[in-house]
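Trainee: Structure in C-alpha cells, see below.
The values are calculated or read from the model by the stated rules, or taken from the named source; none is laboratory data. No experiment lies behind these values; they were computed from the predicted model shown. So basically every Cβ, Gly included, is an ideal-geometry build from the backbone, and we count neighbours across all protein chains shown.
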Amino acid sequence: MLETFAALGNGFALALQPDKLLFALVGVFLGTAVGVLPGIGPALTVALLLPVTFKLDPTGSLIMFAGIYYGGMYGGSTTAILINTPGESASMATALEGNKMAKAGRGGPALATSAIGSFVAGLIATIGLAFLAPALVEFAISFTSADYFALMVLAFVTVSATFGASRLRGLTSLFIGLALGLIGIDKLSGQQRLVFGVPDLTDGVEVTTLAVALFAVGEALFVASRHKAVVEKIEAVKGSVWMTKEDWKRSWKPWLRGTLLGFPIGALPAGGAEIPTFLSYSLEKRLCTKPEEFGNGAIEGVAGPEAANNASAAGTLVPLLTLGLPTSATAAIMLAGFQQYGLNPGPLLFAEKPDLVWGLIASLFVANAMLLVLNLPLVGLWVRLLAIPQPWLYGGIMVFATMGTIAAKPSVIELGMLLVFGLMGFMMRRFDYPIAPVVIGLILGPLAETQLRRALTISLGDPSVLVKSPISITLYVLAAIALLAPFFISALKNLGSNED
Amino acid sequence: MSDTETGLRTGRSSPDLGVIAVGIALITAAAVIYADAAQMSMAPLYAKIGPKVVPQIVAGGLALFGLLTVFGAFRGWFPAREEEDAAGAVWVAAGLGFTILSLILHFGFVAAMTALFACTSRAMGRRAFLVDAAIGAAIGLSVYLVFTKLLSLSLPQGPLESLL
C-alpha cells in the first residue's frame, strides 16, 4: 500500500513536469477534437494519432497517448449526445437518453453530467488501477508460459464469442486476425510464413495499418455505399451548461453505480465497455424515481452509462499494463504503441521501467482533470467540429488515415494493405462481423503462439503441460463457460417457448 | 455455434449467395495457410512444436467456420443486408487507388491527397469536384508542411514538394 503511494508520488513528479503536462494537454485536445467527429471512436482516434507521436520519447508519447485515450472517450460522448451518432457501441446507451435531453433543450446539463460523471468515474477507476495493478503484478509474476497461454485463450473467447450478435461471426473475425498475425518471419525459428516472396511482408502486418483500414477506410466505403445516408441533425446546446441542484441530486448516485459496474468488468479480461454501459442503463431505469422520464431524456440514463464507460476504459488498462493483455480494440492499438518503443507491458515492465508505468498512471489523473476543465468551456468549439459536412468529414478521415500510413511506412505494399483491409472492413460491416476481434487477434496471436511454443518446448512436446497448473485449468473452465453459456441459455429459452 | 439459429431465422427460402461466397473465401484462406505451412522444411528440433503448428490450427479453425458459414447461408443465420450503391464505394476505392499510383509514379503527397479528398467527397454525394480538390490541396499542403518541417517525418515528394 505504502509502496503504491510512493510509486504514484514519483509518477506525479514526472507527470507534472512542464513538458509532460504539455504532452498531456496536446493529447487531451487532439483526442477530443478527433473523437468528437461523428463515426470516429476512441480506437480509431488512437490509431490515427499514433504516427504523430513517432518522434517523441517513449514517456512523452505514452503520456500523450493517455490524454488521447481519455479525450477520445469524452469526444465520443459529446457526439452521442448532440447528434445521436455514437462513434462506438459503448456510447450507444448515452445516446439513448442524452440525445433526447438535447432535443428537449437540456443539452447543456447532459454534457455536464457526462463530463463530471466521466471525471468521477475516471478518478475512482484510476485509483483502482493504481492499487490493483501492483497486486496483480505480484500474482502474475508466478504465471508460467502455459498459464499465460490459457489467459490469452480466455481473452480470445470473451472478446470474440461471448458478447455480440453471433459467436460464429465473432470467432471468424478472431481467426482472421490470428491468420494475419501469422504473416512475417516466425520469431522462434526464423522461418518465413505467408510472405509469398514479398519483402515488405516479412515484418508482418502493422496493427495501426490494420486498425485504420478496418475502422476508417472500411467505414468510409460502407457509408458511401449506403446511398440514402441519413444526415443526423445536430442539436444546439441550449440553456446553461450548468446542472441544477436537482440534476446533481439525480446524477451522483448513477455516477458511483456506473463506476462500480464499469471498472471490474473492464478490468476482467472480458473486453468491451458495451456490457457495463447497458447494465448501468437498465439499472438506472429500474432505480429511477421518475421512470416515465426514461426514453424522454432522463439525466440518470446519461450519468450512469457515461461513468460506466469511462470506468471500464480505465479498467481495461489493468490487464493491458499488468499482463500485456489487450481486451479492446483501443487497448490493442495502445499495445502496438508500446511495442513501437520495444516496450512489452506486463509484470516485468513494472519492475524494469517503474518511472514510465507510474508516470503513465499519474498522467491519467492529469488528463482526467484537464478534460473536466477544458471540455465544458470549449463545448462551442466541439459543436462547430460536429457541423463539418459529411463529404468533407470523410474526405478528411481518408486523408488522415492515408497520411498516417504513408508517414509510418511509405511503401506501395503498405498502402495496398490499407486498401485491401479497407475492403475487408467494408465486407465485414455488410455481413455484420465484429471488427475488434480482428485487431486483437493480430496483436495477441503472435504473443499467444510464443507462450504456447515456449510451454511445449519446456515440456519436450508433451501437451499435458498446458493443463497442469490450477491457474490454467481455472482459466480454461472459464473460457469454456464463456463460450458455451449463451448456447445453454438459448437452448433453455427455446425449450420454454417450444418454437419448432 | 448455432446461437443465431433460434433468434434470427428469417425464413428465407433460397440460400444467401453472398454468405456462401464469404464461406468459400474463408475456406480458400484456410487452404492457402495450410499449403504455406506444409511447404516449410523443418529441422527435426522443430518437428513437434515448430512454426507449422499454429498455422495449422488457424487453418483448421478458418475451414471449420467457413463450412459453418456456408451451412448458415442455407439456414438463414445471417441478417438481411441493405441495398447498396456500389458507385459510392468505388469512388472511395478509386481515391485510394490513385494515392497508391501516385506513390509509384512520384506525383507527390499533395497531389495524392488532393485526389483522395475530392474522390471521397464525391463518394458521399457532393458534386463540387474542383472546390473539393482545392480544399484537398490545402489540407495536403498544410499536413505536408507540419509533418516535414515540424515533426521531421518524411512524406513522398513530387514536383511540387521539391520546390518547398
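Trainee: Between A:Glu414, A:Glu449, which is more than 29 Å from B:Leu17 (Cβ to Cβ), more than 7 Å from every other protein chain (Cβ to nearest Cβ) and acidic (Asp, Glu)?
Mentor: A:Glu414 is the lone residue from the list that is more than 29 Å from B:Leu17 (Cβ to Cβ), more than 7 Å from every other protein chain (Cβ to nearest Cβ) and acidic (Asp, Glu).
Trainee: Continuing with the same structure: Regarding B:Gly136, is this residue facing chain A (nearest Cβ under 7 Å), over 30 Å from B:Ala21 (Cβ atoms) and either aromatic (Phe, Trp, Tyr) or buried (at least 17 other Cβ atoms within 10 Å of the Cβ) (or both)?
Mentor: yes
Trainee: Looking at the range B:44-75, which of its residues are more than 8 Å from chain A (Cβ to nearest Cβ) and modelled with pLDDT under 90?
Mentor: B:Pro44, B:Leu45, B:Ala47, B:Lys52, B:Arg75
Trainee: Regarding B:Phe129, is this residue under 22 Å from the mean Cα position of the chain (by Cα) and either assigned by TED's automatic domain parsing to the domain that holds B:Gly23 or over 29 Å from A:Leu50 (Cα atoms) (or both)?
Mentor: It is false that B:Phe129 is under 22 Å from the mean Cα position of the chain (by Cα) and either assigned by TED's automatic domain parsing to the domain that holds B:Gly23 or over 29 Å from A:Leu50 (Cα atoms) (or both).
Trainee: Condition test on A:Gly76, is it in contact with a helix residue (DSSP H, G or I) (Cβ under 8 Å, 6 or more places away or on another chain) and at pLDDT 85 or above?
Mentor: Answer is yes for this residue.
Trainee: Here's a follow-up. Would you please name the residue that is farthest from the chain's Cα centre (by Cα), looking only at residues in the range B:144-164 that are under 23 Å from A:Ala220 (Cβ atoms) and at pLDDT below 90?
Mentor: Among them, the one singled out is B:Val146.
Trainee: Also: I'm trying to understand the selection: among the residues of the range A:326-385, which are on the phi > 0 side of the Ramachandran plot and touching a residue at least 12 places away in the same chain (Cβ under 8 Å)? Talk me through it step by step, then tell me what you get.
Mentor: Looking only at the range A:326-385, we keep the residues that are on the phi > 0 side of the Ramachandran plot, and these are A:342, A:346.
Across the range A:326-385, the qualifying residue is only A:Gly346.
Trainee: If I filter the range A:467-476 for residues that are touching a Ser or Thr at 6+ places or on another chain (Cβ under 6 Å) and either at pLDDT below 90 or in a helix (DSSP H, G or I) (or both), do I get at least one hit? It would help to see each step written out before you state the result.
Mentor: Taking the range A:467-476 and keeping what is touching a Ser or Thr at 6+ places or on another chain (Cβ under 6 Å), we get none.
Checking the range A:467-476: not a single residue is touching a Ser or Thr at 6+ places or on another chain (Cβ under 6 Å) and either at pLDDT below 90 or in a helix (DSSP H, G or I) (or both).
Trainee: Counting just the residues of the range B:139-161 that are small (Gly, Ala, Ser) and touching a residue at least 24 places away in the same chain (Cβ under 8 Å), which one comes out surrounded by the most Cβ atoms within 10 Å (Cβ to Cβ)?
Mentor: From the range B:139-161, those small (Gly, Ala, Ser) are B:140, B:142, B:152, B:154, B:158; that's our starting set.
With touching a residue at least 24 places away in the same chain (Cβ under 8 Å) added as a condition, the list becomes B:140, B:158.
Values: B:Gly140: 25, B:Gly158: 17.
Filtering the range B:139-161 for residues that are small (Gly, Ala, Ser) and touching a residue at least 24 places away in the same chain (Cβ under 8 Å), the one surrounded by the most Cβ atoms within 10 Å (Cβ to Cβ) comes out as B:Gly140.
Trainee: Turning to a different aspect of this structure: In the range A:172-200, what count of residues is obtained for those that are touching a strand residue (DSSP E or B) at 6+ places or on another chain (Cβ under 9 Å) and part of a helix (DSSP H, G or I)?
Mentor: 1
Trainee: Here's another thing I want to ask about it. Sort out for me the helices (runs of 4 or more DSSP H) sitting completely within the range A:1-90 that have 2 or more residues that are under 14 Å from the mean Cα position of the chain (by Cα) and closer than 19 Å to A:Gly218 by Cβ.
Mentor: Numbers: elements: A:2-15, A:18-35, A:42-49, A:58-83.
The helices (runs of 4 or more DSSP H) meeting that bar are A:42-49, A:58-83.
Trainee: Further, regarding this structure: Out of the residues in the range A:217-240 meeting the condition of being at pLDDT below 70 and not small (Gly, Ala, Ser), tell me which one is surrounded by the most Cβ atoms within 10 Å (Cβ to Cβ).
Mentor: A:Glu232
Trainee: Do you know which of the residues in the range A:150-208 that are of a type in the set (Gly, Ala, Ser) and closer than 17 Å to B:Ala37 by Cβ is farthest from the other protein chains (Cβ to nearest Cβ)?
Mentor: Within the range A:150-208, the match that is farthest from the other protein chains (Cβ to nearest Cβ) is A:Gly204.
Trainee: On to the next question. Would you be able to tell me the number of residues in the range B:51-69 that are surrounded by fewer than 18 Cβ atoms within 10 Å (Cβ to Cβ) and in contact (Cβ under 8 Å) with a residue 12 or more places away in the chain?
Mentor: 3
Trainee: Mind listing whichever residues of the range A:271-295 are over 21 Å from A:Lys249 (Cα atoms), in contact with a Leu (Cβ under 9 Å, 6 or more places away or on another chain) and surrounded by 24 or more Cβ atoms within 10 Å (Cβ to Cβ)?
Mentor: Result: A:Pro276, single match.
Trainee: How many of the residues in the range A:370-403 are farther than 29 Å from B:Val22 by Cβ, surrounded by 18 or more Cβ atoms within 10 Å (Cβ to Cβ) and facing chain B (nearest Cβ under 10 Å)?
Mentor: Number of matching residues: 8.
Trainee: Next question, about the same structure. Of all residues in the range B:49-69, how many are over 12 Å from A:Leu178 (Cβ atoms) and within 22 Å of the chain's Cα centre (by Cα)?
Mentor: Going through the range B:49-69 one residue at a time, the tally reaches 3.
Trainee: Right, another one. Condition first: more than 7 Å from chain A (Cβ to nearest Cβ), buried (at least 20 other Cβ atoms within 10 Å of the Cβ), of a type outside the set (Gly, Ala, Ser) and outside any loop (DSSP other than H, G, I, E, B). Can you find one or more residues in the range B:76-90 that meet it?
Mentor: Looking through the range B:76-90, none of the residues is more than 7 Å from chain A (Cβ to nearest Cβ), buried (at least 20 other Cβ atoms within 10 Å of the Cβ), of a type outside the set (Gly, Ala, Ser) and outside any loop (DSSP other than H, G, I, E, B).
Trainee: Among residues belonging to the range B:99-115 that are surrounded by fewer than 19 Cβ atoms within 10 Å (Cβ to Cβ) and more than 7 Å from chain A (Cβ to nearest Cβ), point out the one that is farthest from B:Val19 (Cα to Cα).
Mentor: Result: B:His106.
Trainee: Any idea which residue in the range A:432-446 is surrounded by the most Cβ atoms within 10 Å (Cβ to Cβ), counting only those that are at the interface with chain B (Cβ under 10 Å from one of its Cβ atoms) and outside any loop (DSSP other than H, G, I, E, B)?
Mentor: Among them, the one singled out is A:Gly441.
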